[in-house]
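The values are calculated or read from the model by the stated rules, or taken from the named source; none is laboratory data. Treat the numbers as computed from the prediction; the structure is a model and nothing was measured. Don't worry about glycine lacking a Cβ; one is built from the backbone with ideal geometry, like all the others, and counts go over all protein chains shown.
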Amino acid sequence: MSERGVMRTLLAGCLAVTALSGCAAIRDALADPAVIDPSRPFRGSPSESYADGVDGIVIPVVAPVGKYPAADVEAAYQTSKRMLVAAHLDRQTLLGGAPEAFTALLDREQRKHFLKYLDSRDQDKNTRSWVTSFAPGSVDMVGDVIKVKAAMSAEPGKDDQGRPQLWVTYTFRSVYPVRPKGMPGPVLRVMAFVKARHEYWRDEPDGPLRHWDGPSVDMWTAWTECDSPDGFLRPDYEGMPNVMATSDAYDDNAPAMKKGECGAVGEV
């Protein structure tokens, strides 16, 4: 089975900030759409229309795929949904802790690799980027809601030896409201995006349906610092706009970013 391609690219935040002073500063800041109200952290953002958490992961209508019957496809969709929740919505993992929920869902062989290189100093091998984790002790989550928009589809695939597999391809976009640890603000919305697949197969016709966290096609975060030294995310509270290279974080048709690429992004 192929190892998951580590292609997390951090995208610098972009926000035009106007200097304010005196009593007018408070009034103007409250009216400024760039100032996020912690009681309504998604207000004014396209993510406001997204579903809350796991409800944003919708399983399609199930049908047979290749040699795999509908029951296998249904099981694969459910496993993929659990893996996405564990990788990107688990609070312990998000706050930089041990990704126990995700680890428990991995195939026994892939689990060994994941744990061996978890938080490795070699960033080409570090598997922390397989999950979404803010640097330990760096943020507080604002509220209990994470906004999610995800889609899945099933298709026939093959392993490296040409044997048939069932692939569940997915796109997953999540938006996290955060603020500096122990501080009231500023509040920032961080987005994570991944387009990848999970691979399913049987070693024997009557054997269990195994799975693999497969390679990613595109993977990035927005409003985080570029060039993470350890695979953890660090919100970019002071990001400034690059008007020559601003992109739309909500554009589903944007071309995939290249490995190591870092650019500017508009408001999340």
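Here are a few things to note about the model shown:
- Residues in region 154-178 that are of a type in the set (Gly, Ala, Ser) and within 18 Å of the chain's Cα centre (by Cα): Ser174 alone.
- Scanning region 63-84 for residues that are more than 18 Å from Ala196 (Cα to Cα) and among the charged types (D, E, K, R) yields Lys67, Asp72, Glu74.
- Pairs with Cβ under 6 Å, 6+ apart, first in region 79-97 and without any contact (Cβ under 8 Å) to a residue 60 or more places away in the chain and buried (at least 18 other Cβ atoms within 10 Å of the Cβ), second part of a helix (DSSP H, G or I) and small (Gly, Ala, Ser): Ala86/Ala101; Asp90/Ala101
- Lone qualifier among Arg179, Arg173 - being in contact with a Leu (Cβ under 9 Å, 6 or more places away or on another chain), surrounded by 16 or more Cβ atoms within 10 Å (Cβ to Cβ) and modelled with pLDDT of 95 or more: Arg179
- Residue ID - farthest from the chain's Cα centre (by Cα), chosen from residues in region 85-103 that are among the small types (Gly, Ala, Ser) and within 19 Å of Arg197 (Cβ to Cβ): Ala86
- Whenever a residue of region 39-63 is within 13 Å of Lys147 (Cβ to Cβ), its partners that are among the polar types (S, T, N, Q) and part of a strand (DSSP E or B), lying with C-beta atoms within less than 8 angstrom and at least six residues away or across chains, give the pairs Gly56/Ser174.
- Candidates Gly143, Gly56 - the one that is at pLDDT 95 or above, in contact with a Lys or Arg (Cβ under 8 Å, 6 or more places away or on another chain) and not aromatic (Phe, Trp, Tyr): Gly56
- Scanning region 185-205 for residues being over 14 Å from Met83 (Cα atoms) and aromatic (Phe, Trp, Tyr) gives a total of 2.
- The number of residues in region 117-169 being surrounded by fewer than 17 Cβ atoms within 10 Å (Cβ to Cβ) and small (Gly, Ala, Ser) comes to 7.
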